[in-house]
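The values are calculated or read from the model by the stated rules, or taken from the named source; none is laboratory data. These numbers were taken from a predicted model, which means no experiment stands behind them. Quick reminder, even Gly has a Cβ in these numbers, built from the backbone with ideal geometry, and neighbours come from all protein chains shown. Side chains are part of the model used for accessible areas, which takes the heavy atoms of the whole protein and leaves out ligands, DNA and RNA. Shrake-Rupley method; radii C 1.70, N 1.55, O 1.52, S 1.80 Å.
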Amino acid sequence: MLQLSKAFASGLLVALALLALAACENKEGINTEPETLTETQEAALVQRVTERWAALSALNYDRAWEYSSPAYRKVFPKRLFVRNFSYVVERELTGVKVLNYDAEAAVASVSVRVMSRPTKSTSEASRALGALPVSIHEKWILEDGEWWFSVSGR
């Protein structure tokens with residue numbers, strides 16, 4: 001019986017040591033399971049991406065600026081943002097796909113599928129090409145429960 005108690009005590013000590021080690025790892029911020037977006041978070045992200053592209057498609061760059069991260073908007077006024085866009089391109093959003101989410105950084109990678117065409121065909125070649133499909137990779141930041149477009153892509 002004494003040997004059984006020694007074996008039990010030894011096993012208990014090993015289990016306690018493993019628990020202490022695991023507690024230290026978690027204390028240092030090591031996350032053993034990857035975090036993913038909830039369905040609600042992903043739906044909110046897709047909605048924000050879609051709304052921003054609706055503004056871009058409508059050539060409403062003032063509205064599109066409002067989806068930029070708060071840090072970006074503090075540095076770059078709306079009038080400078082608007083200068084980055086052309087009024088000679090039509091855009092049509094055809095798809096949004098969330099590719100990845102980094103929970104530690106609170107950043108999501110999104111692939112946006114867009115059909116683009118010039119508003120005025122200036123050559124036979126541009127008329128022949130028509131609308132072109134483009135995939136654009138964007139970064140979106142989750143801050144204070146809201147998704148914001150990362151203009152820098154970081």
statement: Contour minus Cα-Cα span, residue 50 to residue 94, at 0.36 nm per residue, comes to 14.9 nm
query: Nearest 0.05, what FRET efficiency do residue 129 and residue 59 give at R0 = 30 Å with Cβ-Cβ as r?
result: 0.90
message: Could you check the spin-label model distance between residue 84 and residue 43? Points 7 Å from the Cα along Cα→Cβ, value in nm.
response: 3.0 nm
Per-peptide average of other Cβ atoms within 10 Å, ordering 69-75, 42-48 highest first: 42-48, 69-75
Solvent-accessible area per residue, Å², over region 72-121 with all protein chains present [probe radius 1.4 Å]: 66 Å²
